[in-house]
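A.B. asks: Got a structure for you, questions after.
Read-outs throughout are calculated quantities, based only on the coordinates presented, and are distinct from any laboratory measurement. None of the values given here were measured: they were computed from a predicted structure. Positions of Cβ are generated from backbone atoms using ideal geometry, with glycine treated the same way; all protein chains shown enter the neighbour counts.
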Amino acid sequence: MSKIAICPGSFDPVTLGHIDIIKRASKMFDKVIVAVLVNPGKKPSFSITERMELLREVTEELDKVEITSFNGLLAEYAKEKNAVAVVKGLRAVSDFEYEFQMALTNKKLNPELETIFLTTSAKYMYLSSSMVKQVASFGGDISDFVPACLYDKIYNRLKGEV
Ligand code: PNS
């Protein structure tokens with residue numbers, strides 16, 4: 001039976017840190033479903049469709065990776081997709097408390113589902129979508145933070161958005 005993992009997130013926008021985790025997850029699983037959260041409570045910089053398009057463009061060459069979106073509970077979505085694990089990147093101790101809480105909640109809701117944390121590569125320790133938004137909105141260079149092929153699309157949207 002093929003082992004399926006889910007990499008969930010807001011991906012608003014996708015960063016090099018996300019790509020690093022997706023690539024590493026795809027070495028461990030037969031299929032990796034990247035699931036973009038539809039969160040009506042948040043006002044995103046990129047629509048769901050745009051976020052999925054950006055992810056598709058940058059993962060084009062990764063055969064095992066599928067880009068989807070979901071709303072509602074991740075634990076339920078994982079069941080629907082027959083996923084055995086959620087894979088997330090863990091950057092620093094500051095991430096830990098919230099991630100641990102989510103992992104335990106998901107375990108309670110779906111006891112079959114494991115959460116696997118991959119240690120973020122040192123070069124992406126500090127990186128987050130909100131940091132990318134902040135730097136780009138003030139006209140800063142985000143080339144070390146986002147995939148080169150997406151630079152213009154991401155930068156042009158975020159520049160001036162404060
Ligand atoms: O990139 P983010 O915003 O840190 O991703 C958070 C995400 C999407 C993983 C999390 O918000 C989530 O799983 N939301 C779905 C709702 C849910 O299942 N909640 C219960 C577990 S906390």
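A.B. asks: If you place +1 on the Cβ of every Lys and Arg and -1 on the Cβ of every Asp and Glu, how big does the dipole about the Cα centre of the chain come out, in debye to the nearest 20?
C.D. replies: Using only the charged Cβ atoms, the result is roughly 220 debye.
A.B. asks: Quote the convex hull volume per residue of region 84-162, based on C-alpha atoms, as a whole number of Å³.
C.D. replies: It comes to 126 Å³ per residue, whole-number rounded.
A.B. asks: Identify, among Ile67, Asn82, Met52, the residue whose Cα sits farthest towards the positive end of the charge dipole of region 51-90, taking +1 on the Cβ of Lys and Arg and -1 on the Cβ of Asp and Glu, with the dipole about the Cα centre.
C.D. replies: So the residue furthest toward the plus end is Asn82.
A.B. asks: Kirkwood Rh, Cα Rg: Rg to Rh for region 57-130?
C.D. replies: So for region 57-130, dividing Rg by the Kirkwood Rh gives 0.99.
A.B. asks: So how tilted is helix 93-109 from the main axis of the chain? Cα-based, degrees 0 to 90, rounded to 10.
C.D. replies: That works out to roughly 40 degrees.
A.B. asks: Can you list, bin by bin at 10 Å, the percent of alpha carbon pairs in region 26-83, starting at 0?
C.D. replies: The distribution over region 26-83 is 21, 48, 28, 2, given as percents.
A.B. asks: Add +1 for every Lys or Arg and -1 for every Asp or Glu among the other residues with Cβ under 15 Å from the Cβ of Leu118, and state the total.
C.D. replies: Combined, the nearby Lys, Arg, Asp and Glu give +2.
A.B. asks: Taking the Cα atoms of region 4-122, what is the range of coordinates along each of the three principal axes, in descending order and whole Å?
C.D. replies: Principal-axis extents of region 4-122 (Cα, largest first): 34, 34, 31 Å.
A.B. asks: Please list the non-local residues whose amide H lies under 5 Å from the amide H of Cys7, H modeled 1.01 Å from N, same-chain partners needing a gap of 5 or more.
C.D. replies: Ile33, Val34, Ala35, Val87
A.B. asks: Oh, and also: Amide H of Thr115 versus every other amide H placed in the peptide plane: which residues, excluding those fewer than 5 positions away on the same chain, fall under 5 Å?
C.D. replies: Those qualifying (amide H under 5 Å, at least 5 residues apart or on another chain) are Val86.
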